[in-house]
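Where a number appears in this text, it was derived from the coordinates with a stated rule and is not lab data. Every value quoted in this text rests on a predicted model; they were computed, and no experiment measured them. Glycine also receives a Cβ, built like all others from the backbone with ideal geometry; neighbour counts cover every protein chain displayed.
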Amino acid sequence: MDVGAVATLSNRMEQQVSLQSKGFVGGAALRQPFVIGVAGGTASGKTTVCNMIISQLHDQRVVLVSQDSFYHTLSDDKLQKVSEYNFDHPEAFNTELLLSCMEKLKRGEAVNIPNYDFKSHKSTESSQKVNPSDVIILEGILVLHDPRVRDLMNMKIFVDTDSDLRLARRIQRDTLERGRNIQNVLDQYARFVKPSFEEFILPTKKFADIIIPRGGDNDVAIDLIVQHICTKLGQHDLCKIYPNVFVIFSTFQIRGMHTLIRDVRTTKHDFVFYSDRLIRLVVEHGLGHLPFTEKQVITPTGTVYTGVVFYKRLCGVSVIRSGESMENALRACCKGIKIGKILIHGEGNNGRQLIYKKLPADISSRHVLLLDPVLASGNSAVKAISLLLSKGVPESNIIFLNLIAAPEGVRAVCKKFPKIKLVTSEIDATLNENLHVIPGMGEFADRYFGTDANDTASRNQGNTPS
């Protein structure tokens, strides 16, 4: 093996170690679990809802964690006055331990969950080992109470059941499963359970993404939730974190086109051809996020067709110069659309300077399609979006279109501008030390416009499949 080959192999090994240290294996991001919080009053049917979700997610690894496992062990003094203890108060739970366990599970680490004995009101010496899974369901009366726990969740559910039904279920559960008499159950309900529900549990309903009336009896709601979870599990992890990120649905055609434009041996002609095809798909997907109104038309057969009309006050803004490669696709989709331009110059690794801008005078009243095929660090994108906002464009009116995006760029843009829509065709693994997207596709503008001095494509004809 020659010196050059050794150096290349060494660089690849260093890059792989770097990817692994950032949470990547084989160039792909480690899959993040989908965390669901299920809250509701006592005996509202939370566990039933969780079990129904689990039974329908039979193709996924699912683990159920109960907040009840994290009750504080009662001291001997408190045990002597157990009838005075409020088990429905937030301070009854070891929230710090719960938070620690959930954070580890989300990082892909196994944890030991305490076993709590409701008769002795103590955690047993044994614990239950819980392995990381695709879906983690955390259920309990107060799982939506602490904002730190809520922030770990991708979906928050509140099970809303009639109070009389909940009381009847609690009486049955506590007398049969926990060895208590009916009078004690009623006294505890009146003194602690009902007041705590109204003070601590019911107010967390406002944090829920989904409210399920009638609990486990609501089959339709469960089905819709499962469908949503399955959709999210098929998406990139960043789509679970940032709801304003949209990755076009990948097919073998799209994967094949990405393979071609990423191949260093692909000719300029083929690179442009397949890039244009992918850009057109991204533009079409982006246009699908525009507001629309319903419209009925008469077809040539004399019948009525109910369709939609999209919002027409649009404009494009391309980030010079790679963004100009996306203008033809936008013009092909939107006849006569106005297109502005922004030139941003890099200053070191982080700084960006606005060099030139030419925007429609009425841009503040339009929806803007921002064009840049590669989202790397996000510094240029942040500068461009900030300029649009300074011109009066509402953040929610900006749709940012690109071919590939690095996770670092997605985070930078979406954390700063949560109301824009970011549409891309693939999210890559990471950035290298030079802020290049990995695996990426090289300097897009040079390859597209044929200005790469090191272009080797002309030596490799016949790369296009038949």
Those trypsin sites (Lys or Arg not before Pro) from the range 89-164 that are DSSP loop and have at most 10 other Cβ neighbours within 10 Å turn out to be LYS119
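Calculate, for GLU91 and LEU186, the FRET efficiency according to 1/(1 + (r/R0)^6) with r their C-beta to C-beta distance and R0 30 Å; round to the nearest 0.05. Show your work: numbers first, answer last.
Working: r = 24 Å, r/R0 = 0.79.
After rounding, the FRET efficiency stands at 0.80.
If you stretched the chain out fully between ASP77 and GLU109, how much longer would it get, using 0.36 nm times the residue separation minus the C-alpha to C-alpha distance? Let's see the in-between values first.
Working: separation 32, 0.36 × 32 = 11.52 nm, distance 3.63 nm.
Residue separation times 0.36 nm, minus the Cα-Cα distance, leaves 7.9 nm.
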The simple spin-label model distance between GLU395 and ASN432, using points 7 Å out along Cα→Cβ, in nm, is 3.4
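Which of the peptides 361-372, 408-419 is most tightly packed, and how do the rest follow, judged by the mean count of other Cβ atoms within 10 Å per residue?
Numbers: 361-372: 20.2, 408-419: 18.4.
By packing density, highest mean first, the sequence is 361-372, 408-419.
DSSP beta bridges in the chain, what fraction antiparallel, as a percent rounded to 5?
35
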One finds the C-alpha centres of the range 297-327 and the range 227-296 to be spaced, in Å, by 18
Highest mean packing first, using Cβ neighbours within 10 angstrom, the peptides 35-46, 306-317 sort as 35-46, 306-317
Taking 160-170, 64-74 and ranking on average Cβ neighbours within 10 Å, highest first, one gets 64-74, 160-170
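Report the FRET efficiency, 1/(1 + (r/R0)^6), for PHE207 and SER365, where r is their Cβ-Cβ distance and R0 is 30 Å, rounded to 0.05. Don't skip to the answer; put the middle values down first.
Values: r = 35 Å, r/R0 = 1.17.
Computed FRET efficiency for PHE207 and SER365: 0.30.
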With label points set 7 Å from each Cα along the Cα-to-Cβ direction at ILE54 and SER126, the distance between them in nm comes to 1.7
Nearest-0.05 FRET efficiency for ASP117 and GLN253 at R0 = 45 Å, using Cβ-Cβ distance, is 0.20
Amide H neighbours of ASP160 at under 5 Å, excluding residues fewer than 5 places away on the same chain, with H built from the backbone geometry, are ILE212, ARG214, GLY215
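Where the only charges are on Cβ atoms (+1 Lys, Arg; -1 Asp, Glu), what is the dipole of the range 239-459 about its Cα centre, to the nearest 20 debye?
On the way: 28 positive and 19 negative charges, 141 e Å.
I would put it at about 680 debye.
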Using the Kirkwood radius over Cα pairs of the chain, the Stokes-Einstein translational diffusion coefficient at 37 °C and 0.692 mPa s, in µm²/s and rounded to a whole number, is 126
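About its Cα centre, what dipole magnitude does the chain give when the only charges are +1 on Lys and Arg Cβ and -1 on Asp and Glu Cβ, stated in debye to the nearest 20?
Working: 56 positive and 50 negative charges, 272 e Å.
Dipole of the chain, to the nearest 20 debye: 1300 debye.
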Between the modelled labels at SER386 and GLU177 (7 Å from Cα along Cα→Cβ) the distance in nm is 5.5
The size of the Cβ-based charge dipole (Lys, Arg +1; Asp, Glu -1) of the range 153-228 about the Cα centre, to the nearest 20 debye, is 280
